[in-house]
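Please read the structure below before turning to the comments.
What follows is calculated from the coordinates using simple rules that are stated; it is not laboratory data. These figures come from a predicted structure and were not determined experimentally. Neighbour counts are summed over all protein chains in view; Cβ atoms, including those assigned to glycine, are modelled from backbone coordinates with ideal geometry.
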Amino acid sequence: MGLQKTSSTAIARLFATIIQDLLQKTAGKKFHISNTIMQIPGIKLSGDISSFVTFYGDYNGLMVLNFEGAAALEVVRSMLLGMGLGEEDLPTSHTSDEVRNNVGELTNQAIGKVRSVIQQKYDIAAKANIPAVVPITVPLELTMETKGHSETESLRVVFTTEKNNRFYMELAIEPMLWRPLNEAADKQ
């Protein structure tokens with residue numbers, strides 16, 4: 001068996017499937033991930049609501065979730081219904097604090113789960129900051145510099161809700177190729 005290699009694309013896929021799984025478990029609804037991971041020139045805060053979080057340590061990066069208002073409202077309402085809230089208690093506008101708070105909580109849960117899975121699977125670790133959630137009126141480009149690296153790979157994954165609303169995960173991460181250190185790790 002040859003060396004198992006893990007690329008930035010594989011890590012972006014891991015992020016996307018964890019977000020999809022969190023949403024489906026919380027909301028009890030299907031959320032589709034596009035079959036394509038796009039390499040993009042850089043990441044932006046865009047749409048109506050964006051949430052972002054940095055992670056740093058053995059690997060470094062920045063994850064952004066970008067939502068148009070309808071997508072954010074549908075996602076949060078589905079999550080809250082899945083947690084047992086009644087229809088009368090749900091937010092009715094994407095500009096509500098409750099929508100922003102729950103988008104932030106989704107981001108926090110996602111980065112926590114991703115870090116845990118990466119540590120368990122690859123034996124490397126990263127810490128994360130508290131996610132920030134901001135309403136957006138004009139797109140804002142983000143850049144990230146890390147220890148000794150001025151380049152990052154930027155990737156985008158498209159999510160589609162049951163009502164056909166779209167939202168996006170963008171990931172900026174150090175260019176990487178992870179390999180097992182020894183033959184024993186290769187055979188696991």
Return the distance in nm (one decimal) between the two label points of a simple spin-label model at LYS127 and GLU88, each offset 7 Å from Cα along Cα→Cβ. 4.6
Under the 0.36 nm per residue contour assumption, what length would be gained going from the current alpha-carbon distance of MET176 and ASP21 to full extension? 53.3 nm
Compute the Rg/Rh shape ratio of the chain: radius of gyration over Kirkwood radius, all on alpha-carbon atoms. 0.99
Pick from ASN102, ASN35, ASN165: which is most flexible by mean-square fluctuation in a GNM of the chain where alpha carbon atoms under 10 Å apart are linked? ASN35
Distance in nm between label sites at SER96 and LEU140, each 7 Å beyond Cα in the beta-carbon direction? 2.5
Could you give the dipole magnitude of the stretch 38-188 about its Cα centre, charging the beta-carbon of Lys and Arg +1 and that of Asp and Glu -1, in debye to the nearest 20? 340
Arrange THR17, THR92, THR137 by Cβ neighbour counts within 10 Å, fewest through most, would you? THR137, THR92, THR17
